[in-house]
Amino acid sequence: MDAATAAPMHPVAREALLAALDDGWADPDRLYASGRRARRLFEAAQSSAAESLGVRPDELSFWPSGTAAVHAAVLGGLAGRERAGRTLVHSAIEHSAVLHIAVRHAATRHDNAVEVGVDRLGRLDLDAWRAAVTADGTALASLISASHEVGTVQPVDAAAEAAREAGVPLYVDAAQSVAHAPIPTGWSLLSASAHKWGGPPGVGVLVVRKGTRWRSPYPVDDLYRPQAPGALGLPAVVAAAASLRAALDEAASEAVRLSALVDRIRAGVTGTVPDVEVVGDPVQRLPHLVTFSCLYVDGEALLHALDGHGFAVSSGSSCTASTLRPSHVLEAMGVLSHGNVRVSLHRDTTEAEVDRFLAVLPGLVADIRKEAGM
Amino acid sequence: MVLDCLGQRCPLPVIALARSIADVPVGGTVTVLADDPAAANDIPAWCRMKSQDYLGSPAPNSYTVRRAT
């Protein structure tokens, strides 16, 4: 139940990966027969993924991970606009990959990063966003399509309009939305991550729309054509493109099914666990993701207790983070951060599993509280 | 009342606060000293969930709560 980190591989991804291992081992840049075969495979994968996302093939590039695609989008978007401005505007609930860039960017001379807050439900403050993107010197604006931690869908269309009026390109991190929710419109750059839609790990996708100024932050031959430095894992890329198509074919029906399961979890958790807060927007949310926090509960203890019963969940509590800080998303929303559990479902999640989760959770929470003397 | 929870990891400061609030008269205050980074977020969140008044942070690593109910 941690599809928001990585979903199990879609059967189509597995098939495509195995087939591509035979034909896709060569370097697609080489001119001999095996290289040309690899080139054809690459171009087919690129065209297929572009069609899936509704963009042109030459606007889409593959990267060694979702995070690599995020870095390429933000660093390349900033570099391309260096003459127009030096400020990165971003929401407070971006993925840490964006926030790490913001911190480093703000630490250099002449550069600047401006954070825009969210409300208690995790929804972007549009007035503050509009003011920030309109300010002089804004180079790039970054907005996650939907919160990866609480599932709240962001007002990307309105945010994009504000950016467009200000003449500022918008980057959208769509890693959590692709194959779960409609892809927003109005952006200039977008990235996604294959292992979140059932593709293999180690493939990120970057789209840079025509007319967007982008300059590679990496030492490569062609600074203006988005392309990852080094050889791509072509078999994984082929599997990513094939599974994207398959996942999109199932997306509408899966969204209905998973959304009903999430509603069941929301109601079940509030009904059976005392002193619990389900966080995030109950309606404007991703269909497959739900997050709640239990008072007086150590998030790490709950995560391990659930793991002992075969449930994989993630947590935004400080005790589960390498930094020992609570999740920046929960902090930005001002909601409880300890005892936090994020559940995210995928195509293999069954109703019976959700019911078993709801059956064991209250006892595990009660045990941990009892141990803590509550 | 002052609760010294310095050095304690979350959720311990919030647990200490919840246990002590019964000893505070309605309208009285309790100040929690806590240096876990989650306390700044979780003590106000506890107040909201438990309908108590969060009065703010008078000093670093210090959070004051007024018993409302």
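Here are a few things to note about the model shown:
- Of all residues in the range A:180-198, exactly one satisfies the criterion of being among the small types (Gly, Ala, Ser), buried (at least 24 other Cβ atoms within 10 Å of the Cβ) and more than 14 Å from the chain's Cα centre (by Cα), namely A:SER188.
- Condition met for A:ARG257 (among the charged types (D, E, K, R), assigned to a helix (DSSP H, G or I), without any contact (Cβ under 8 Å) to a residue 24 or more places away in the chain and within 29 Å of A:LEU358 (Cα to Cα)): yes
- Residues of the range B:1-36 satisfying the condition of being touching a Phe, Trp or Tyr at 6+ places or on another chain (Cβ under 8 Å) and polar (S, T, N, Q): B:THR31
- Filtered residue count, the range A:12-32, keeping only those that are over 13 Å from A:VAL238 (Cα atoms) and in contact (Cβ under 8 Å) with a residue 12 or more places away in the chain: 2
- The range B:24-50 - residue that is assigned to a loop (DSSP other than H, G, I, E, B), in contact with a strand residue (DSSP E or B) (Cβ under 8 Å, 6 or more places away or on another chain) and among the aliphatic types (A, V, I, L, M) and, of those, farthest from the other protein chains (Cβ to nearest Cβ): B:VAL24
- Checking the stated criteria, A:ALA301 turns out to be closer than 29 Å to A:MET374 by Cα and assigned by TED's automatic domain parsing to the domain that holds A:ASN340.
- Some residue of the range A:229-245 being more than 14 Å from chain B (Cβ to nearest Cβ), without any contact (Cβ under 8 Å) to a residue 60 or more places away in the chain and touching a Phe, Trp or Tyr at 6+ places or on another chain (Cβ under 8 Å): yes
- Condition met for A:SER327 (in contact (Cβ under 8 Å) with a residue 60 or more places away in the chain, among the hydroxyl-bearing types (Ser, Thr, Tyr) and crowded, with 20+ Cβ neighbours inside 10 Å): yes
- Single unsatisfied condition, A:GLY373 versus (1) under 28 Å from A:ILE144 (Cα atoms); (2) assigned to a loop (DSSP other than H, G, I, E, B); (3) within 14 Å of another protein chain (Cβ to nearest Cβ): (1)
- Test: residue in the range A:30-42 that is modelled with pLDDT of 95 or more, in the same structural domain as A:TYR224 (by TED's automatic domain parsing), touching a strand residue (DSSP E or B) at 6+ places or on another chain (Cβ under 9 Å) and crowded, with 19+ Cβ neighbours inside 10 Å: yes
- Filtered residue count, the range A:36-47, keeping only those that are more than 14 Å from A:ALA236 (Cβ to Cβ) and touching a residue at least 40 places away in the same chain (Cβ under 8 Å): 1
- Taken over the range A:159-196, the criterion of being within 20 Å of A:SER96 (Cα to Cα) and assigned to a loop (DSSP other than H, G, I, E, B) is satisfied by A:ALA174, A:ALA175, A:GLN176, A:SER177, A:VAL178.
- Total residues in the range A:199-216, condition surrounded by fewer than 18 Cβ atoms within 10 Å (Cβ to Cβ) and of a type outside the set (D, E, K, R): 2
- Positions within the range A:311-335 being among the aliphatic types (A, V, I, L, M) and modelled with pLDDT under 95, in sequence order: A:ALA321, A:LEU324
- Single condition B:SER51 does not satisfy, out of (1) in contact with a Leu (Cβ under 9 Å, 6 or more places away or on another chain); (2) closer than 24 Å to A:ILE368 by Cα: (1)
- Residues being aliphatic (A, V, I, L, M), buried (at least 23 other Cβ atoms within 10 Å of the Cβ), in a loop (DSSP other than H, G, I, E, B) and more than 14 Å from chain B (Cβ to nearest Cβ) - total across the range A:275-324: 1
- Boolean, A:ALA92 is in the same structural domain as A:SER193 (by TED's automatic domain parsing), more than 26 Å from A:SER327 (Cβ to Cβ) and in contact (Cβ under 8 Å) with a residue 12 or more places away in the chain: no
- Condition met for A:GLN227 (more than 18 Å from A:HIS148 (Cβ to Cβ), of a type in the set (S, T, N, Q) and either assigned by TED's automatic domain parsing to the domain that holds A:ALA352 or buried (at least 16 other Cβ atoms within 10 Å of the Cβ) (or both)): yes
- Qualifying residue in the range A:343-366 (condition: of a type outside the set (A, V, I, L, M, F, W, C), under 19 Å from B:GLN8 (Cβ atoms) and either within 9 Å of chain B (Cβ to nearest Cβ) or not in a helix (DSSP H, G or I) (or both)): no
The values are calculated or read from the model by the stated rules, or taken from the named source; none is laboratory data. Quantities reported herein were computed from a predicted structural model and do not represent experimental measurements. Cβ coordinates were reconstructed from backbone atoms using ideal geometry, including for glycine residues, and neighbour counts include every protein chain displayed.
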